[in-house]
């Protein structure tokens, strides 16, 4: 209508389209901020080959209109972001090294987002804060700063950083559909996770765990519909591996807009979702998945001063969640955090369930393992002896939990130098596991593996080597080539080969283990570092 008025045309869209289609002059039509995914903008395209139509939008679905391609503008390059804030603040010496250095923390804090940088620059230009103090003020008054307009000129962008996203959320709310409501709830849950690498798998595992009690399957359709809505407003991003991420400022804004009671509710939902996704199963995929959860567990536990025990009023469920988070930390090599959580679980279980409840004994058993990992061997030994006696008395001599605790006790005896006792107990566990669980149960293989280690320490190296070879083959067959248990057994087989003078075979195996552990566990996981140390020793 504005174009029609300026050009003296009939006040109708079709009149403008006809005029542009028939004019001999080259023209460019810019459809700016075409963000609403409900709006079909194709009826506004003139025809002909004299013109260019440029669409700016936060809706990635508008790519379907592109005839010469599209370009996605995300975060700015750090150096460009620094130039932008210096330009906005009116600094003349933009190439001055010290001035550029002072601007770097500001643009990094703002996630290199152009609109936020312009806003911050305007605040600094107006003399309210200096560049050097902006970050400190930002952390104290983030919501206020990101809700202020950058400048007052009528021709400037009419939204602040926060109101830009509020407009999008209002559009979603106006959908009045279940998918729209779920999209908003999902965005709020994302805000209590780490802002990067959020997987559908987490929600699938949590949903499956929840639905298993109801004898039904988790329906992925509502989740994907909600994700599609959030993508259409560019509130989230999806990478080639279908992992979800949020810009750090969107992440903070989503949480900032919640009331204290809503924040409590969403934090509880999020933490429960993460815990539900964690299972006590130990296939290769389980280890990989739990490793991916570490930053999300950090985000959840960091959301409250007392971490997961903020939910202590829910009793046993809180302890179970804490045990799961301890498992995640332990497998990631974060042993101190795992130990602290497990100590708290033990105390809570003793207080609420009693000293000899199976869950209490299970948590004490886990604590003994954590103490052993931390090098506190005497404490580990004392606790394990207590658990073994209590399990024998309450569960029986050959209950799997009893055998598991005896197995751990044997390892504790070995670490304490009591090798004959350790060997005797391990032989007992192997025979009992074979009899009660079967020859190829993972627990049987673990006990045979530790028996091989015991034989090696006792100088019975040929027996140790034969057993370790058996375990490696069985683990490959039943668990897979790169399961952590398989890699442990291959690592020990390499040591056995080295001791037997079979150096080249040992070297080949330990190189395989190093590469697999780097890929699965990470460069700095304790098990990775151990295998690298062994590789260096063999060289």
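The values are calculated or read from the model by the stated rules, or taken from the named source; none is laboratory data. Bear in mind the structure is a predicted one, so any value in this text is a computation, not a measurement. Cβ placement follows ideal geometry from the backbone for every residue including glycine, while neighbour counts extend to all protein chains displayed.
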Hits in the stretch 42-68 (condition: at negative phi and touching a helix residue (DSSP H, G or I) at 6+ places or on another chain (Cβ under 7 Å)): 42, 44, 46, 47, 51, 55, 59, 60, 61, 65
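Go through 522, 501, 480, 496 for me and flag whichever is within 23 Å of residue 455 (Cα to Cα) and not in a helix (DSSP H, G or I).
Result: 501 is the single residue among 522, 501, 480, 496 that is within 23 Å of residue 455 (Cα to Cα) and not in a helix (DSSP H, G or I).
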Among the candidates 320, 351, 312, 304, residue that is assigned to a helix (DSSP H, G or I), surrounded by fewer than 23 Cβ atoms within 10 Å (Cβ to Cβ) and within 21 Å of the chain's Cα centre (by Cα): 320
Any hit, the stretch 372-385, residues being at pLDDT below 95, in contact with a helix residue (DSSP H, G or I) (Cβ under 9 Å, 6 or more places away or on another chain) and closer than 27 Å to residue 299 by Cα: yes
Test: residue in the stretch 7-27 that is in contact with a helix residue (DSSP H, G or I) (Cβ under 8 Å, 6 or more places away or on another chain), at pLDDT below 90 and under 30 Å from residue 125 (Cα atoms): no
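What residue, of 210, 187, 230, is outside any loop (DSSP other than H, G, I, E, B), modelled with pLDDT under 90, in contact with a helix residue (DSSP H, G or I) (Cβ under 8 Å, 6 or more places away or on another chain) and in the same structural domain as residue 266 (by TED's automatic domain parsing)?
The match here is 210.
For every residue, the table says whether it meets (1) under 24 Å from residue 231 (Cα atoms); (2) touching a residue at least 12 places away in the same chain (Cβ under 8 Å).
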| site | (1), (2) |
| --- | --- |
| 19 | no, yes |
| 27 | no, yes |
| 33 | yes, yes |
| 37 | yes, yes |
| 40 | yes, no |
| 49 | no, no |
Condition check for residue 201: closer than 21 Å to residue 58 by Cα, at pLDDT 90 or above and either outside any loop (DSSP other than H, G, I, E, B) or touching a helix residue (DSSP H, G or I) at 6+ places or on another chain (Cβ under 9 Å) (or both): no
Near pairs, Cβ below 7 angstrom, 6+ apart or cross-chain, from the stretch 298-313 (on the phi > 0 side of the Ramachandran plot) to any residue that is assigned to a helix (DSSP H, G or I): 307/301
Count - residues of the stretch 19-38 that are out of contact with any strand residue (DSSP E or B) (no Cβ under 9 Å at 6 or more places or on another chain), on the phi < 0 side of the Ramachandran plot, surrounded by 11 or more Cβ atoms within 10 Å (Cβ to Cβ) and part of a loop (DSSP other than H, G, I, E, B): 3
Residue among 82, 16, 53, 91 that is in a helix (DSSP H, G or I), surrounded by 14 or more Cβ atoms within 10 Å (Cβ to Cβ) and within 50 Å of the chain's Cα centre (by Cα): 82
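Would you mind stating whether residue 123 is touching a helix residue (DSSP H, G or I) at 6+ places or on another chain (Cβ under 6 Å), modelled with pLDDT under 95 and not assigned by TED's automatic domain parsing to the domain that holds residue 245? Steps first, please.
Numbers: touching a helix residue (DSSP H, G or I) at 6+ places or on another chain (Cβ under 6 Å): no; modelled with pLDDT under 95: yes; not assigned by TED's automatic domain parsing to the domain that holds residue 245: yes.
So residue 123 does not fit the description; no.
When the residues of the stretch 240-256 are narrowed to those that are touching a helix residue (DSSP H, G or I) at 6+ places or on another chain (Cβ under 8 Å) and part of a loop (DSSP other than H, G, I, E, B), which ends up farthest from residue 296 (Cα to Cα)?
By that ranking, first place goes to 242.
Is it true that residue 284 is more than 27 Å from residue 523 (Cβ to Cβ), modelled with pLDDT under 95, out of contact with any strand residue (DSSP E or B) (no Cβ under 6 Å at 6 or more places or on another chain) and surrounded by fewer than 19 Cβ atoms within 10 Å (Cβ to Cβ)?
no
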Test set (1) under 18 Å from residue 367 (Cβ atoms); (2) modelled with pLDDT of 90 or more - residue 415 fails condition number: (2)
Qualifying residue in the stretch 88-106 (condition: under 18 Å from residue 251 (Cβ atoms) and either in contact (Cβ under 8 Å) with a residue 12 or more places away in the chain or out of contact with any helix residue (DSSP H, G or I) (no Cβ under 6 Å at 6 or more places or on another chain) (or both)): no
The stretch 258-281, subset surrounded by fewer than 21 Cβ atoms within 10 Å (Cβ to Cβ), touching a residue at least 12 places away in the same chain (Cβ under 8 Å) and part of a loop (DSSP other than H, G, I, E, B), residue nearest to the chain's Cα centre (by Cα): 279
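Just the residues that are touching a residue at least 24 places away in the same chain (Cβ under 8 Å) and either touching a strand residue (DSSP E or B) at 6+ places or on another chain (Cβ under 6 Å) or surrounded by fewer than 22 Cβ atoms within 10 Å (Cβ to Cβ) (or both), please, taken from the stretch 421-452.
Filtering the stretch 421-452 down to residues touching a residue at least 24 places away in the same chain (Cβ under 8 Å) leaves 422-423, 426-427, 429, 432-433, 435-437, 440, 442-443, 445-447, 449-452.
Within the stretch 421-452, 423, 427, 432, 435, 436, 437, 440, 442, 443, 446 meet the criteria.
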